[in-house]
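Engineer: Dumping the structure here so I can ask a few things about it.
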Amino acid sequence: MSLGRGLFAALAALSAAPLTAQQQTTAASSTTAATDESLAVPQGYAKVWSDEFDRPGAPDPARWAYDTSRNKQGWYNNELQYYAADRRENVRIEDGKLIIEARKERLADRADYGGQAYSSGKLVTQGLADWTYGFVEVRARLACGRGVWPAIWMLGSDGSTGWPALGEIDIMEHVGWDQGRVHGTIHTKAYNHAIGTQKGADTMLADACTAFHTYQLDWNPDRMLIGADGHAYLRFDNDHKGNPATWPFAKPQYLILNVAIGGWGGQKGIDDAAFPARMDVDYVRVWQKR
């Protein structure tokens with residue numbers, strides 16, 4: 001995520017594990033990595049993983065797990081959601097789409113309930129699938145409304161170095177108080193919000209809340225491109241110095257889909273009339289070089 005405060009850097013320093021949610025809470029500009037390039041699956045790549053969400057019910061447990069790790073303590077960034085596990089009201093597949101739905105409700109009967117006034121869902125491929133380099137494409141219609149913060153992003157599978165050293169790739173973020181603007185951001189030890197050096201850019205998709213768009217990452221040993229609908233708006237180049245502080249991306253990353261409430265999304269308050277708010281995902285596809 002593209003922004004944050006020193007508090008979260010301090011939290012990260014206290015733990016070898018990565019921060020497990022978006023890291024931004026304020027509206028400062030990231031170090032620009034803007035570009036204007038075409039974006040498509042490279043020639044010579046083959047599909048290696050996908051979920052077309054064509055089986056109604058719960059997500060496939062062979063592909064997706066639920067992250068509920070911070071429910072009791074509360075999530076980072078002043079986020080206000082409780083992430084429910086295996087609860088159809090929050091995460092389900094219907095009509096060929098994955099739905100992640102944020103709701104205004106208190107799930108006080110849950111053993112790990114932390115006092116949250118909202119419920120939502122967070123799916124991860126951690127421990128099930130990860131990739132080093134490739135082309136990632138997620139077709140989605142975004143959850144919207146003031147206070148709502150959907151994201152499609154990746155974290156390094158080896159969390160031993162902690163955040164941000166493990167590397168974070170934000171393929172798409174959207175905050176409801178700035179409807180239609182989607183963000184891409186890269187975080188590393190050298191480039192991250194805590195020191196104001198994160199690499200980010202954004203683009204406008206006026207109908208992101210009402211229409212499906214493809215959110216894309218093209219990641220190879222030389223650079224990353226992040227974009228939407230075949231247009232890259234962020235470029236991040238490997239400096240080829242062999243320094244994991246600037247390029248920790250020669251290691252596997254896993255994928256995350258979630259809808260947060262508050263945090264960066266709640267910077268201008270929360271409109272309870274926005275709920276339920278849902279992100280619909282048509283498919284997730286990953287290609288790699290043959």
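The values are calculated or read from the model by the stated rules, or taken from the named source; none is laboratory data. Not measured: the values here are computed from a predicted model. Heads up, the Cβs are rebuilt from the backbone with ideal geometry, glycines too, and the neighbour counts pull from every protein chain shown. Areas reflect the complete protein model, heavy atoms only, side chains present, ligands, DNA and RNA absent. Shrake-Rupley method; radii C 1.70, N 1.55, O 1.52, S 1.80 Å.
Engineer: For a quick check of your reading of the model, give me the residue pairs whose first member lies in the stretch 84-109 and is over 20 Å from Lys72 (Cα atoms), whose second is among the hydrophobic types (A, V, I, L, M, F, W, C) and assigned to a loop (DSSP other than H, G, I, E, B), with beta-carbon atoms closer than 7 Å and at least 6 apart or on different chains.
Structural biologist: Pairs found: Arg92/Ala58; Ile93/Phe53; Gly96/Phe53; Lys97/Phe53; Leu98/Phe53.
Engineer: I'm told Lys189 meets every condition in (1) more than 22 Å from Lys122 (Cβ to Cβ); (2) basic (Lys, Arg); (3) in contact with a Lys or Arg (Cβ under 9 Å, 6 or more places away or on another chain) except one. Can you identify the failing condition by its number?
Structural biologist: Every listed condition holds for Lys189 apart from (3).
Engineer: Before we move on, is Leu142 touching a strand residue (DSSP E or B) at 6+ places or on another chain (Cβ under 9 Å), at pLDDT 95 or above and farther than 24 Å from Pro244 by Cβ?
Structural biologist: Numbers: touching a strand residue (DSSP E or B) at 6+ places or on another chain (Cβ under 9 Å): yes; at pLDDT 95 or above: yes; farther than 24 Å from Pro244 by Cβ: yes.
The answer is yes for Leu142.
Engineer: Another one. Checking the structure you have, find out if any residue of the stretch 190-197 is under 17 Å from the mean Cα position of the chain (by Cα), part of a strand (DSSP E or B) and in contact (Cβ under 8 Å) with a residue 40 or more places away in the chain. Steps first, answer last, please.
Structural biologist: As a first pass, look at the stretch 190-197 and keep what is under 17 Å from the mean Cα position of the chain (by Cα): 192-193.
Now narrow it down to the ones that are part of a strand (DSSP E or B): none.
Scanning the stretch 190-197 turns up no residue that is under 17 Å from the mean Cα position of the chain (by Cα), part of a strand (DSSP E or B) and in contact (Cβ under 8 Å) with a residue 40 or more places away in the chain.
Engineer: Which residue out of Tyr215, Tyr254 is in contact with a Lys or Arg (Cβ under 8 Å, 6 or more places away or on another chain) and hydroxyl-bearing (Ser, Thr, Tyr)? Outline the logic, then answer.
Structural biologist: Working: Tyr254 fails: in contact with a Lys or Arg (Cβ under 8 Å, 6 or more places away or on another chain).
Unique residue meeting the criteria: Tyr215.
Engineer: Mind listing just one residue for me: the one in the stretch 92-106 that is out of contact with any helix residue (DSSP H, G or I) (no Cβ under 8 Å at 6 or more places or on another chain) and under 15 Å from Ile261 (Cβ atoms) and, of those, surrounded by the fewest Cβ atoms within 10 Å (Cβ to Cβ)? Don't jump to the end; show me each part of the working.
Structural biologist: Initially, the stretch 92-106 is screened for residues out of contact with any helix residue (DSSP H, G or I) (no Cβ under 8 Å at 6 or more places or on another chain), giving 92-103, 105-106.
From the residues that got through so far, the ones that are under 15 Å from Ile261 (Cβ atoms) too are 100-103, 105-106.
Values: Ile100: 24, Glu101: 22, Ala102: 30, Arg103: 20, Glu105: 16, Arg106: 13.
The extreme case among them is Arg106.
Engineer: Among residues belonging to the stretch 231-268 that are part of a loop (DSSP other than H, G, I, E, B) and open to solvent by less than 30 Å² (accessible area, probe 1.4 Å), point out the one that is nearest to Ile171 (Cα to Cα). Please lay out each step first, then the result.
Structural biologist: Filtering the stretch 231-268 for residues part of a loop (DSSP other than H, G, I, E, B) gives 238-252, 267-268.
Then keep just the ones that are open to solvent by less than 30 Å² (accessible area, probe 1.4 Å); that gives 238, 245-249.
On the way: Asn238: 17, Ala245: 20, Thr246: 18, Trp247: 17, Pro248: 16, Phe249: 14 Å.
The extreme case among them is Phe249.
Engineer: Same structure, new question: Among Ser2, Ser38, which is more than 23 Å from Leu128 (Cβ to Cβ), at pLDDT below 75 and not hydrophobic (A, V, I, L, M, F, W, C)?
Structural biologist: Working: Ser38 fails: at pLDDT below 75.
One residue alone meets the criteria, Ser2.
Engineer: What single numbered condition from (1) over 12 Å from the mean Cα position of the chain (by Cα); (2) without any contact (Cβ under 8 Å) to a residue 60 or more places away in the chain; (3) closer than 21 Å to Gly263 by Cβ fails to hold for Trp177?
Structural biologist: So the condition that Trp177 fails would be (2).
Engineer: Would you please name the residue that is surrounded by the most Cβ atoms within 10 Å (Cβ to Cβ), looking only at residues in the stretch 64-77 that are farther than 14 Å from Leu257 by Cα and modelled with pLDDT of 95 or more?
Structural biologist: Looking only at the stretch 64-77, we keep the residues that are farther than 14 Å from Leu257 by Cα, and these are 69-77.
With modelled with pLDDT of 95 or more added as a condition, the list becomes 69-75.
Numbers: Ser69: 15, Arg70: 18, Asn71: 22, Lys72: 13, Gln73: 9, Gly74: 15, Trp75: 27.
Checked the stretch 64-77; the qualifying residue surrounded by the most Cβ atoms within 10 Å (Cβ to Cβ) is Trp75.
Engineer: Kindly indicate the residue of the stretch 119-149 that is open to solvent by 10 Å² or more (accessible area, probe 1.4 Å) and among the charged types (D, E, K, R) and also nearest to Leu217 (Cα to Cα) among those meeting that condition.
Structural biologist: Within the stretch 119-149, the match that is nearest to Leu217 (Cα to Cα) is Glu137.
Engineer: Continuing with this model, one more query. Suppose we filter Trp287, Trp247 for residues that are out of contact with any strand residue (DSSP E or B) (no Cβ under 7 Å at 6 or more places or on another chain), more than 24 Å from Ser69 (Cβ to Cβ) and aromatic (Phe, Trp, Tyr); which single one remains?
Structural biologist: Numbers: Trp287 fails: out of contact with any strand residue (DSSP E or B) (no Cβ under 7 Å at 6 or more places or on another chain).
Result of the check over Trp287, Trp247: Trp247.
Engineer: Shifting gears a bit: Among the residues of the stretch 272-281, are any over 18 Å from Thr125 (Cα atoms), open to solvent by 20 Å² or more (accessible area, probe 1.4 Å), of a type outside the set (Asp, Glu) and assigned to a loop (DSSP other than H, G, I, E, B)?
Structural biologist: Taking every residue of the stretch 272-281 in turn, at least one turns out to be over 18 Å from Thr125 (Cα atoms), open to solvent by 20 Å² or more (accessible area, probe 1.4 Å), of a type outside the set (Asp, Glu) and assigned to a loop (DSSP other than H, G, I, E, B).
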